[in-house]
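The values are calculated or read from the model by the stated rules, or taken from the named source; none is laboratory data. Being a predicted model, the structure only gives us computed values, none of them experimental. Here the Cβ is made from the backbone with ideal geometry for all residues, glycine too, and neighbour counts use every protein chain on show.
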Amino acid sequence: MAAWQDYLRFVVTLTAVLDPFLAVPIFLAVTASSEHAARLRLARAVTLTVFVVLVGAAVFGEALLGMIGASVSAFRVGGGLVLLLMALAMLNAQPGSMRQTRAEKEELQEGELTGVVPLAVPLLAGPGAISTAILAAESGGAVHVLVLAGCIAFVCGVLWWVLRIAEAVGPRMGTTGLNIATRLLGLLLAAIAIQTMAEGLRVLFPGLAS
């Protein structure tokens with residue numbers, strides 16, 4: 001990931017994986033009885049949590065893979081599969097079980113979970129986003145990881161902005177508008193997921209490239 005195009009690809013991928021528009025209705029549901037100031041505090045807390053989790057994954061992810069004996073190429077195939085499953089759910093305008101299981105959804109509806117959980121983790125900074133950060137940081141060095149942290153900060157800034165204006169924009173966009181945005185991001189993510197899997201498969205099975 002030495003070229004600026006690769007960093008741009010990472011920003012686009014991470015934005016699609018996080019999908020702030022998918023979080024808007026859940027954010028509004030969690031904060032339905034909260035005042036505007038409380039919503040802003042929660043938006044900051046969620047954004048900061050996502051940033052810390054993803055930067056931590058970028059810094060320590062490859063070392064963790066080495067500890068468990070998993071190759072980056074194998075993780076690239078697995079991570080690409082996770083992204084593809086998320087993309088398919090997004091094309092149906094659904095969170096999908098990768099982001100939120102039925103039990104977690106029921107806990108949220110019953111009011112047992114609020115705030116950072118489940119918004120930041122696992123809805124936003126879940127398996128897909130963590131996999132994306134780990135793969136992007138592969139054998140990059142300190143400067144590379146620092147640039148990735150800046151990219152993550154930018155995407156988290158977009159997330160914070162969307163959550164900040166969710167109260168005003170959510171009702172105006174409506175369910176259809178939010179679903180359209182989610183489907184467009186899902187289409188982008190599907191293409192990126194297949195490319196990620198193909199790159200990992202070429203390393204694991206060199207014969208495929210011939």
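Here's the yes/no breakdown for (1) buried (at least 17 other Cβ atoms within 10 Å of the Cβ); (2) among the acidic types (D, E); (3) in contact with a Phe, Trp or Tyr (Cβ under 6 Å, 6 or more places away or on another chain); (4) closer than 25 Å to V12 by Cβ:
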position: A168; (1), (2), (3), (4): no, no, no, no
position: N179; (1), (2), (3), (4): yes, no, no, yes
position: R183; (1), (2), (3), (4): no, no, no, yes
position: G186; (1), (2), (3), (4): yes, no, no, yes
position: A190; (1), (2), (3), (4): yes, no, no, yes
position: T196; (1), (2), (3), (4): yes, no, no, yes
position: G200; (1), (2), (3), (4): yes, no, no, yes
position: L204; (1), (2), (3), (4): no, no, no, no
position: G207; (1), (2), (3), (4): no, no, no, no
(request) Would you tally the residues in the stretch 1-13 being buried (at least 19 other Cβ atoms within 10 Å of the Cβ) and more than 13 Å from the chain's Cα centre (by Cα)? (result) 0
(request) Collect the residues in the stretch 93-115 that are loosely packed, with under 15 Cβ neighbours inside 10 Å and at pLDDT 65 or above, keeping them in residue-number order. (result) S97, T101, R102, A103, E106, E110
(request) Would you check if A125 is buried (at least 16 other Cβ atoms within 10 Å of the Cβ) and of a type in the set (A, V, I, L, M)? (result) yes
(request) Can you confirm whether the stretch 14-27 contains a residue that is small (G, A, S), closer than 14 Å to I165 by Cα, buried (at least 19 other Cβ atoms within 10 Å of the Cβ) and modelled with pLDDT under 95? (result) yes
(request) Give the number of residues within the stretch 129-144 that are surrounded by fewer than 17 Cβ atoms within 10 Å (Cβ to Cβ) and part of a helix (DSSP H, G or I). (result) 3
(request) State which residue pairs qualify: first residue under 17 Å from L146 (Cα atoms) and in contact (Cβ under 8 Å) with a residue 24 or more places away in the chain and inside the stretch 42-62, second residue in a helix (DSSP H, G or I) and not aliphatic (A, V, I, L, M) in any location, beta carbons under 6 Å apart, and separation of 6 or more residues or different chains. (result) V50/C156; F51/C156
